[in-house]
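The values are calculated or read from the model by the stated rules, or taken from the named source; none is laboratory data. Please read these numbers as outputs of a predicted model, since none were measured by experiment. Note that we place each Cβ from the backbone using ideal geometry, even for glycine, and neighbour counts take in every protein chain shown. Ligands, DNA and RNA are excluded from the accessible area calculation, which covers all protein heavy atoms including side chains. Shrake-Rupley method; radii C 1.70, N 1.55, O 1.52, S 1.80 Å.
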Amino acid sequence: MASPQIEVIFDQSTSTFTYVVYEAAGSECAIIDSVLDYDPVAGRTSTAAADRVVEFVRANNLKVQWLLETHAHADHISAAPYLRRQLGGVIAIGDQIRVVQGVFKKVFNLQSEFLLDGAQFDHLFVADEIFYIGNLQAQALHVPGHTPADMAYLVGQEVAFVGDTLFMPDLGSARCDFPGGSASSLYRSVAKLLDLPPATRLFVCHDYPPAGRAPQCEATVTEQRAKNIHVGNGISEEEFIAMRTRRDATLGLPTLMLPSIQLNICAGVLPAPEENGVRYLKIPLDVTL
Ligand SMILES: [Fe+2]
């Protein structure tokens, strides 16, 4: 089988990697974890980051088949609806998004017309579902923990897009304290990823490099097993849970959590404009998440 080509597009402001996965120029492609720029001070969106993806897709004459989300992100707004309008494609996420929708429907007091069946997305993956990006075979691996709905996307035998399960080895793992998160589940999900063949290249969704290191997007299973500060070197589930719980207690909410999550549980679709033509986001006051 052909090897996947991977274009990496880094969004500096949210430290997010968007990936375009394809076989060759002119083939089908999948876009993974796109970003709609959002300035929370001005309440202004822009498509600058997404337009870099559009440009690459058009320059390589790719046909967008999939707009994949690894999970409902809490740190950036998805540009999938914008990319679907520009390029086509099916917006897909894990079917456990329904659980996430149930939690946040309460937080945002969403109206009864807000469905909890994931129908806002074009496709919901079940665990281990096989799908194709052109001729490339791919598989959705359910890797809950950071959220209940996280999926990692394995493409061919050699690359996997792991979302917010693992970070680069010197940063470790993602937080598990969002509603529905679970350090125990994350430990098992990471173990599943580290059971992939040793040379498998694992692509992360974010990097927050320490001073002096440039952002990096991939490490192999071997590298993660040997060097990951949270899950490498045979750390036990108990040790991991204790470390994760201690660390998560020190973390504040991501700056863009409230805007991001209320849009991303709706596949990134912006709310309909009110009668004055303006769209509004909701901010719950004094709610503990
Ligand atoms: Fe995340």
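Select, from LEU62, LEU36, the only residue that is in contact with a Cys (Cβ under 9 Å, 6 or more places away or on another chain) and modelled with pLDDT of 95 or more.
Numbers: LEU36 fails: in contact with a Cys (Cβ under 9 Å, 6 or more places away or on another chain).
Residue meeting the stated conditions: LEU62.
Please specify each residue of segment 90-102 satisfying the condition of being over 12 Å from GLN120 (Cβ atoms) and surrounded by fewer than 22 Cβ atoms within 10 Å (Cβ to Cβ).
The initial filter retains those residues of segment 90-102 that are over 12 Å from GLN120 (Cβ atoms), namely 90, 94-96, 99, 102.
VAL90, ASP95, VAL99, GLY102, listed by residue number.
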Problem set entry | Close pairs from segment 236-254: first closer than 20 Å to THR14 by Cα, partner surrounded by fewer than 16 Cβ atoms within 10 Å (Cβ to Cβ) and of a type in the set (S, T, N, Q), Cβ under 9 Å, at least 6 apart | none
For this session: Out of the residues in segment 226-243 that are outside any loop (DSSP other than H, G, I, E, B) and within 20 Å of SER182 (Cβ to Cβ), state the one that is most open to solvent (accessible area, probe 1.4 Å).
Result: GLU238
Seminar exercise, completed: Across segment 164-199, the tally of residues that are under 15 Å from the mean Cα position of the chain (by Cα) and away from the ligand (no atom under 16 Å from the Cβ) stands at 0
Problem set entry | Matching residues, segment 117-155, being within 25 Å of VAL190 (Cβ to Cβ), open to solvent by 10 Å² or more (accessible area, probe 1.4 Å) and among the charged types (D, E, K, R) | ASP128, GLU129
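Do we have GLY277 as modelled with pLDDT under 95 and assigned to a loop (DSSP other than H, G, I, E, B) here?
Details: modelled with pLDDT under 95: no; assigned to a loop (DSSP other than H, G, I, E, B): yes.
Spelling it out, it is not the case that GLY277 is modelled with pLDDT under 95 and assigned to a loop (DSSP other than H, G, I, E, B).
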Exercise. Just checking, which of ALA214, ALA183 is buried (at least 17 other Cβ atoms within 10 Å of the Cβ) and more than 17 Å from LEU141 (Cβ to Cβ)?
Worked result: ALA183
For this session: Please specify each residue of segment 69-89 satisfying the condition of being farther than 15 Å from ILE261 by Cα and open to solvent by less than 10 Å² (accessible area, probe 1.4 Å).
Result: LEU83
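Yes/no per residue for (1) in contact with a Leu (Cβ under 6 Å, 6 or more places away or on another chain); (2) in contact (Cβ under 8 Å) with a residue 24 or more places away in the chain; (3) within 24 Å of GLU218 (Cβ to Cβ):
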{"residue": "ASP33", "(1), (2), (3)": "no, yes, yes"}
{"residue": "TYR38", "(1), (2), (3)": "no, yes, no"}
{"residue": "GLY43", "(1), (2), (3)": "no, yes, no"}
{"residue": "GLU69", "(1), (2), (3)": "no, yes, yes"}
{"residue": "ILE93", "(1), (2), (3)": "no, yes, yes"}
{"residue": "VAL99", "(1), (2), (3)": "no, yes, no"}
{"residue": "VAL107", "(1), (2), (3)": "no, yes, no"}
{"residue": "ASP117", "(1), (2), (3)": "no, no, no"}
Problem set entry | Failed criterion for ASP170 (all others in (1) in a loop (DSSP other than H, G, I, E, B); (2) open to solvent by less than 50 Å² (accessible area, probe 1.4 Å); (3) at pLDDT 95 or above; (4) at negative phi hold) | (2)
Problem set entry | Listing of strands (runs of 3 or more DSSP E) fully contained in segment 50-159 that carry 3 or more residues being within 16 Å of the ligand (Cβ to nearest atom) and under 29 Å from ASP195 (Cβ atoms) | 151-155
Exercise. With respect to the numbered conditions (1) among the acidic types (Asp, Glu); (2) open to solvent by 60 Å² or more (accessible area, probe 1.4 Å); (3) within 16 Å of the ligand (Cβ to nearest atom), which one is the sole condition not fulfilled by GLU223?
Worked result: (3)
Problem set entry | Breaking point among (1) more than 21 Å from GLU69 (Cα to Cα); (2) open to solvent by 50 Å² or more (accessible area, probe 1.4 Å), for LEU270 | (1)
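Kindly indicate the residue of segment 192-211 that is open to solvent by 60 Å² or more (accessible area, probe 1.4 Å) and in contact (Cβ under 8 Å) with a residue 40 or more places away in the chain and also farthest from GLY156 (Cα to Cα) among those meeting that condition.
Pass one, segment 192-211, residues open to solvent by 60 Å² or more (accessible area, probe 1.4 Å): 192, 195, 197-199, 201, 208, 210-211.
Those still in the list that are in contact (Cβ under 8 Å) with a residue 40 or more places away in the chain too: 192, 197, 199, 201, 208, 210.
Working: LYS192: 17, PRO197: 12, ALA199: 13, ARG201: 11, TYR208: 28, PRO210: 32 Å.
By that ranking, first place goes to PRO210.
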For this session: Kindly indicate whether any position in segment 92-107 is within 21 Å of ALA48 (Cβ to Cβ) and modelled with pLDDT of 95 or more.
Result: no
